[in-house]
Amino acid sequence: MKKYASFFRIRFIHGLQYRTAAVSGMITQFIWGIMEILLFRAFYQASPESFPMTFQALSNYVWLQQAFLALYLIWFWESQLFDSITNGDVAYELCRPVRLYNMWFVRGMAVRLSKAVLRCIPVLLFAWLLPAPYGLTLPADFRTWFFTLLSMTLAFLLVIAFGMIVYMSVFYTISSQGIKLLASSVSEFLGGAVIPLPFLPDGIREIVNVLPFASAQNVPFRIFGGDLTGREMYISLLLQCFWFITFLLIGRAMEQRALKRVVIQGG
């Protein structure tokens, strides 16, 4: 574990160096969050009773989404990992006395966390200072905080585990572009990045809720806003655990099979 902790620390510190990119990202997320909330506000003013979430819960969802963009959006890929597989540089990784899957998993955690740390606090503070119902309101009880943090952790690990499946799939393909495009498009819509999942029609929503993408940002953000409670919340937490373990086992199995057959040309 010590070597993985050291690798995590190195990658985390490396990610903190990109402060200009973080500032640019924060400005973009401020503007995007305001635009999205005002757009929804126009619909809510027309018929507020027609929506499955209160406007305050929606505002919380949007601001958390913008603050933790780097943690939960699937399309946040590391191009260097894709390139290392396609051009053969992965051979250098295999020479290290560590397991490839574990090293890349820790790397994914460090990179996403470092980018989120630089952006989340200013975004959350800005959103908290906005007047209700446009800003961020904090939960009043410890129980909501606990389950929100628990769910955020599970969602974060699930996103990393799914990303590892995508990285490992490149061992079986000629190009990474197709799998990246497919995974990004499907996960963004089914994960609630385009619109919150409660806004989907009945029937479709019930199916989407049991898919793995709904166990990412959708669950912790709705728990925080008070939109996901009781029995439905516990079921969602169990689904997060199930999909994380499933993705972890699939990714490790793909790695073992790929490394038995991988052929690297050149020198």
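The values are calculated or read from the model by the stated rules, or taken from the named source; none is laboratory data. Values in this document were obtained by computation on a predicted structure and should not be read as measured data. Neighbour counts are summed over all protein chains in view; Cβ atoms, including those assigned to glycine, are modelled from backbone coordinates with ideal geometry. Side chains are part of the model used for accessible areas, which takes the heavy atoms of the whole protein and leaves out ligands, DNA and RNA. Shrake-Rupley method; radii C 1.70, N 1.55, O 1.52, S 1.80 Å.
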Three-way shape label, segment 29-72, alpha-carbon gyration tensor, a/c 1.5 = oblate
Can you send over the solvent-accessible area of Asp202, 1.4 Å probe, protein chains only, in Å² to the nearest 10?
-> 120 Å²
Mean separation of Cα contacts under 8 Å (6+ apart) over length of the chain, as relative contact order % | 27 percent
Restricting things to alpha carbons, tell me how big segment 13-89 is in terms of Rg and Dmax, in Å.
-> 17.8, 57
Rank Trp104, Trp77 by accessible area, highest first, at a 1.4 Å probe radius?
-> Trp77, Trp104
At Tyr18 and Tyr234, where each label point lies 7 Å from the Cα along Cα→Cβ, what is the point-to-point distance in nanometres?
-> 4.2 nm
Which one of Val210, Val219, Val159 has the biggest mean-square fluctuation once the chain is modelled by GNM with Cα springs under 10 Å?
-> Val210
In straight Cα distance, which aspartates and glutamates are under 20 Å from Lys115, not counting same-chain residues fewer than 8 positions off?
-> Glu78, Glu188
How large is the helix-only mean residue ellipticity at 222 nm for the chain, computed as the sum of -39500 (n - 2.57) over DSSP H runs with n ≥ 4, divided by its residue count, in deg cm²/dmol to the nearest 500?
-> -23500 deg cm²/dmol
Hey, what did segment 178-267 get for relative contact order, percent, Cα under 8 Å, at least 6 apart?
-> 20 percent
Note the direction-averaged projected area, equal to a quarter of the hull surface, for the Cα convex hull of segment 2-260, in nm².
-> 14.9 nm²
Of Thr144, Thr153, Thr173, the one that fluctuates the most in a GNM where the chain has Cα springs shorter than 10 Å = Thr173
Convert each backbone phi in segment 52-67 into a coupling constant with the Karplus relation 6.51 cos²θ - 1.76 cosθ + 1.60 (shift: θ = phi - 60°), then list the ³J(HN,Hα) values in order as whole Hz, x for Gly and Pro.
-> x, 10, 5, 5, 5, 5, 5, 4, 4, 4, 5, 5, 5, 4, 6, 5
